[in-house]
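The values are calculated or read from the model by the stated rules, or taken from the named source; none is laboratory data. Just so it is clear, the structure is predicted and the values come from calculations on it, not from any experiment. Cβ sites come from the backbone with ideal geometry, for glycine too, and all protein chains shown count toward neighbours.
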Amino acid sequence: MRGLTDKSFVVPSAYTKSSLFLVTLDLSNNLLNSPVVFHWFYNFSANLQRLSLTNNLLEGPIPNGFGKVMNSLNFLELGYNKLRGEIPASLRFLYQLQYLFLEENYLEGDINELRLTNLSQLKYLDLSDNSLSLNFATTWTPPFQLVSLGLASCKLGPSFPTWLQTESKLWFLDISDAGIDDFVPDWFWKKLKFINRMNMSYNSLKGSIPNLTMKFLWDEGPIPTAMILNSNKLEGVIPTFLSQAQALDLLGNKFSDLNTLLCRDRVTKGMITLDLSNNQITGQLPECWEHLSSLVFLDLRNNKLSRKIPQSMGTLVNLEALVLRNNEFIGELPLTLKKCSKLALLDVSKNLLSGPVPFWIAENMQQLKILSLRVNHFFGSVLVHLCYLSQIQVLDLSKNNLSGEIPTCFRNFTTLLERRAIPREIERKRKFSTQDADSQIYDSYLLLAWKTQDHEFWNPENLLKSIDLSSNSLTGEVPKEIGYLLGLLSLNLSRNNFYGKIPSEIGNLSSLEFLDLSRNNFSGNIPSTFPNIDSLGVLDLSNNNLSGRISWGRHFETF
């Protein structure tokens, strides 16, 4: 049933009587608002087994007597509403309940073991994203064996929940952002062989992960195996057994070594996404990436990696995103990377890389949407070959030693010809739903100089279009073809040696929000077309040889 509101429940008594033997009632994804509808369900209390009200607009409390009256239920789904107050104690009378979903509401209060004592049939429990505190005795043994448990953003800590030790059938576990500030006991890691999807991110988990010699017992299925441990305080080596996960996210910890993960005999070849960014991994990357040839996403940014990028990274032929930003890599980009022809995002910014911009980037990586080589020591001209990158949306070559002129063929950037959305900065907080099998496997992040400051953008290929060639030694006149890239939101050509007139065609870039042409040798009048750029928030033409003034116009009256 769809499109229902509270008024839909003013029904004749004859209809109610005819529904006395109703077993399943699904009213999810409607516009129900009043908690009064709960009392309407009492008409079916004798036989109703499955009730779903998820994704409505329900407000107020769950009625106190709901559990006593509806005790035939084995499936109750109230998630994604606006329910408030405490979870009624009467829910403990739902003796047959196997599925309880209350996630994404405004429920609050404490939950102790007495609330759950009678729910011995419970298999699926999701209380995520409420203001709930779970206070269980350290000796408590749950009466149920859960298959799926979601307690994200509930308060479990500060101690690690010892009652999980008796849960031997868990397949899905989400205790992210749960206020846990403790060491993870060894018995927990041994349980991972049964868990298919685990999220313990955004806690303060401590200690190291033991290098267990175990094989996961997951059945192959449509949901990828995911181990999400980002934003904790875990340290030491990354054990080999974690390579069995298809998605492994260890971002924001204190891991210092990945050789054990990559180079041991037991390394499996099914991993799709690997995020080791923001750790303390030092030294040279090992030459054994052939073990991870199925990788689609690899993020090693913000570590202390040094020396040359390994040749064996060229075996990652399925890679779509490679992020090596903010390390200490030296030398040229390895020629073997040209085999990574599926790359859509290549970010090697803020390193010590040198040499000319490789011609094979454009010839072999024509799916590239994002190319960031900023803050390195690349030299030579801006290759005409880059014009082959027809899908490019973000091109950042700033703060290098590039010379020569801007090729006129930049107009071949066909994706930049289209107008698109305004960028937004989004804070990542990865969550998995117990019922969402299509969760995105990875998120991408890009560091850009945006409106004079560095900002990190989430999935920028969906939102952002930018060219940044600033802080090089580029020369010549800026080609008028730049003005054909109507989708551009940011254009930075500052701190170069450009001369001549500023092309009037730049005034065609009506979506432009940021334009910096400062510290060049431009001369002549400021183009009269600039007032056509309605969205412009930052304009810097300083330190040139320009004359005249900006014509008053719609948006420029605010400058």
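Assess whether LYS169 counts as being surrounded by fewer than 19 Cβ atoms within 10 Å (Cβ to Cβ) and either touching a helix residue (DSSP H, G or I) at 6+ places or on another chain (Cβ under 6 Å) or modelled with pLDDT under 90 (or both). Working first, answer last.
Details: surrounded by fewer than 19 Cβ atoms within 10 Å (Cβ to Cβ): yes; either touching a helix residue (DSSP H, G or I) at 6+ places or on another chain (Cβ under 6 Å) or modelled with pLDDT under 90 (or both): no.
When the stated conditions are applied, LYS169 does not pass them.
Which of the residues spanning segment 328-367 are at pLDDT below 95 and within 18 Å of ARG301 (Cβ to Cβ)?
ALA344, LEU345, listed by residue number.
Here is a list: ASP249, ASP275, ASP177, ASP265. Which entry is out of contact with any helix residue (DSSP H, G or I) (no Cβ under 7 Å at 6 or more places or on another chain), surrounded by fewer than 18 Cβ atoms within 10 Å (Cβ to Cβ) and more than 17 Å from VAL147 (Cα to Cα)?
Values: ASP249 fails: surrounded by fewer than 18 Cβ atoms within 10 Å (Cβ to Cβ); ASP275 fails: surrounded by fewer than 18 Cβ atoms within 10 Å (Cβ to Cβ); ASP177 fails: surrounded by fewer than 18 Cβ atoms within 10 Å (Cβ to Cβ).
Selected residue: ASP265, the only one of ASP249, ASP275, ASP177, ASP265 that is out of contact with any helix residue (DSSP H, G or I) (no Cβ under 7 Å at 6 or more places or on another chain), surrounded by fewer than 18 Cβ atoms within 10 Å (Cβ to Cβ) and more than 17 Å from VAL147 (Cα to Cα).
Out of everything in segment 326-338 that is in a helix (DSSP H, G or I) and not β-branched (Val, Ile, Thr), what residue ends up being surrounded by the most Cβ atoms within 10 Å (Cβ to Cβ)? Steps first, please.
From segment 326-338, those in a helix (DSSP H, G or I) are 335-338; that's our starting set.
Checking which are not β-branched (Val, Ile, Thr) leaves us with 335, 337-338.
Numbers: LEU335: 11, LEU337: 23, LYS338: 17.
So, considering only residues that are in a helix (DSSP H, G or I) and not β-branched (Val, Ile, Thr), the one surrounded by the most Cβ atoms within 10 Å (Cβ to Cβ) is LEU337.
Go through SER542, SER535, SER528, SER518 for me and flag whichever is closer than 16 Å to GLY483 by Cβ, hydroxyl-bearing (Ser, Thr, Tyr), modelled with pLDDT of 90 or more and in a loop (DSSP other than H, G, I, E, B). Spell out how you get there, then give the answer.
Values: SER542 fails: closer than 16 Å to GLY483 by Cβ; SER535 fails: modelled with pLDDT of 90 or more; SER518 fails: closer than 16 Å to GLY483 by Cβ.
After applying the criteria, what remains is SER528.
Give all pairs with beta carbons closer than 8 Å in which a residue from segment 355-372 that is in contact (Cβ under 8 Å) with a residue 40 or more places away in the chain and closer than 13 Å to SER341 by Cα meets a residue that is assigned to a helix (DSSP H, G or I) and among the basic types (Lys, Arg); count only pairs at least 6 apart in sequence or on separate chains.
Hits for this filter: zero, empty list.
Which of the residues belonging to segment 352-387 are of a type outside the set (S, T, N, Q) and in a loop (DSSP other than H, G, I, E, B)? Explain how you work it out, then say what you get.
Within segment 352-387, the first condition is being of a type outside the set (S, T, N, Q), and the residues that meet it are 352-353, 355-363, 365, 368-371, 373-375, 377-380, 382-387.
If the condition is that a residue be of a type outside the set (S, T, N, Q) and in a loop (DSSP other than H, G, I, E, B), then VAL357, PRO358, MET365, LEU368, LYS369, LEU373, ARG374, VAL375, VAL382, LEU383 are the ones that fit.
For the condition modelled with pLDDT of 95 or more and touching a Gly at 6+ places or on another chain (Cβ under 6 Å), what is the one hit in GLU103, GLU77?
Values: GLU77 fails: touching a Gly at 6+ places or on another chain (Cβ under 6 Å).
Just a single option satisfies the conditions, and that option is GLU103.
Just need a number here: residues in segment 295-317 that are under 20 Å from ASP249 (Cα atoms) and buried (at least 16 other Cβ atoms within 10 Å of the Cβ).
Let us first name the residues in segment 295-317 that are under 20 Å from ASP249 (Cα atoms), namely 295-305, 313, 316.
Add one more test, that the residue is buried (at least 16 other Cβ atoms within 10 Å of the Cβ), and what stays is 295-303, 305, 313, 316.
Looking only at that region, the number is 12.
Look at segment 496-515 and say how many of its residues are part of a loop (DSSP other than H, G, I, E, B) and within 34 Å of the chain's Cα centre (by Cα). Working first, answer last.
Initially, segment 496-515 is screened for residues part of a loop (DSSP other than H, G, I, E, B), giving 496, 501-503, 509-513.
Next cut, within 34 Å of the chain's Cα centre (by Cα) only: 509-513.
The total comes to 5.
What residue, among those in segment 26-46 that are outside any helix (DSSP H, G or I) and modelled with pLDDT under 80, is farthest from the chain's Cα centre (by Cα)? Let's see the steps before the verdict.
Here is the first cut: in segment 26-46, the residues outside any helix (DSSP H, G or I) are 26-36, 45-46.
Applying the additional criterion that residues be modelled with pLDDT under 80 yields 45-46.
On the way: SER45: 42, ALA46: 45 Å.
Only one residue fits best here, namely ALA46.
Please verify whether LEU242 is of a type outside the set (Asp, Glu), closer than 17 Å to PRO210 by Cα and in contact with a strand residue (DSSP E or B) (Cβ under 8 Å, 6 or more places away or on another chain), treating the condition exactly as stated. Talk me through it step by step, then tell me what you get.
Numbers: of a type outside the set (Asp, Glu): yes; closer than 17 Å to PRO210 by Cα: yes; in contact with a strand residue (DSSP E or B) (Cβ under 8 Å, 6 or more places away or on another chain): yes.
Criteria met by LEU242.
Could you say which residue among ALA226, ALA247, ALA321 is out of contact with any Lys or Arg (no Cβ under 9 Å at 6 or more places or on another chain) and aliphatic (A, V, I, L, M)?
Working: ALA226 fails: out of contact with any Lys or Arg (no Cβ under 9 Å at 6 or more places or on another chain); ALA247 fails: out of contact with any Lys or Arg (no Cβ under 9 Å at 6 or more places or on another chain).
It is ALA321.
Within segment 291-325, track down each residue that is within 20 Å of GLU235 (Cα to Cα) and in a loop (DSSP other than H, G, I, E, B).
Residues satisfying the conditions are LEU300, ARG301, ASN302, ASN303.
Okay, residues lined up against (1) touching a helix residue (DSSP H, G or I) at 6+ places or on another chain (Cβ under 7 Å); (2) crowded, with 22+ Cβ neighbours inside 10 Å; (3) under 24 Å from LEU151 (Cβ atoms):
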position	(1), (2), (3)
GLU59	no, no, yes
PHE66	yes, yes, yes
ARG92	yes, no, yes
GLU103	no, yes, yes
GLY109	no, no, yes
GLU113	no, no, yes
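Might you let me know whether segment 137-146 holds any residue that is outside any loop (DSSP other than H, G, I, E, B) and not acidic (Asp, Glu)? Before you say what the answer is, go through the steps one by one.
Applying the first criterion (outside any loop (DSSP other than H, G, I, E, B)) to segment 137-146 yields none.
Looking for residues that are outside any loop (DSSP other than H, G, I, E, B) and not acidic (Asp, Glu), one finds none in segment 137-146, hence no.
Among the residues of segment 239-271, which ones are among the aliphatic types (A, V, I, L, M) and either within 18 Å of LEU285 (Cβ to Cβ) or part of a helix (DSSP H, G or I) (or both)? Spell out how you get there, then give the answer.
First, the residues of segment 239-271 that are among the aliphatic types (A, V, I, L, M): 242, 245, 247-248, 250-251, 258, 261-262, 267, 271.
Matches in segment 239-271: LEU242, LEU248, LEU250, LEU251, LEU258, LEU261, LEU262, VAL267, MET271.
What are the residues in segment 387-399 that are in contact with a strand residue (DSSP E or B) (Cβ under 8 Å, 6 or more places away or on another chain) and either surrounded by fewer than 22 Cβ atoms within 10 Å (Cβ to Cβ) or among the charged types (D, E, K, R) (or both), if any? I'd like the intermediate steps shown before the answer.
Keep residues of segment 387-399 that are in contact with a strand residue (DSSP E or B) (Cβ under 8 Å, 6 or more places away or on another chain), which gives 389, 392-398.
Within segment 387-399, ASP396 is the sole residue that qualifies.
Filter segment 191-206 down to the residues that are surrounded by fewer than 16 Cβ atoms within 10 Å (Cβ to Cβ) and in contact with a strand residue (DSSP E or B) (Cβ under 7 Å, 6 or more places away or on another chain) and list them by number.
Once the filter is applied, which keeps residues that are surrounded by fewer than 16 Cβ atoms within 10 Å (Cβ to Cβ) and in contact with a strand residue (DSSP E or B) (Cβ under 7 Å, 6 or more places away or on another chain), segment 191-206 yields only SER204.
Output the number of residues of segment 279-290 satisfying the condition of being in a loop (DSSP other than H, G, I, E, B), surrounded by fewer than 20 Cβ atoms within 10 Å (Cβ to Cβ) and of a type in the set (S, T, N, Q).
Quick first cut of segment 279-290, residues in a loop (DSSP other than H, G, I, E, B) only: 279-281, 285-288.
Filter once more, so that each one left must be surrounded by fewer than 20 Cβ atoms within 10 Å (Cβ to Cβ): 280, 286-288.
Still in the running and of a type in the set (S, T, N, Q): 280.
Final tally of qualifying residues: 1.
Taking the options SER349, SER341, SER390, name whichever one is in a loop (DSSP other than H, G, I, E, B) and touching a residue at least 60 places away in the same chain (Cβ under 8 Å). Steps first, please.
Values: SER341 fails: touching a residue at least 60 places away in the same chain (Cβ under 8 Å); SER390 fails: touching a residue at least 60 places away in the same chain (Cβ under 8 Å).
Result: SER349 is the single residue among SER349, SER341, SER390 that is in a loop (DSSP other than H, G, I, E, B) and touching a residue at least 60 places away in the same chain (Cβ under 8 Å).
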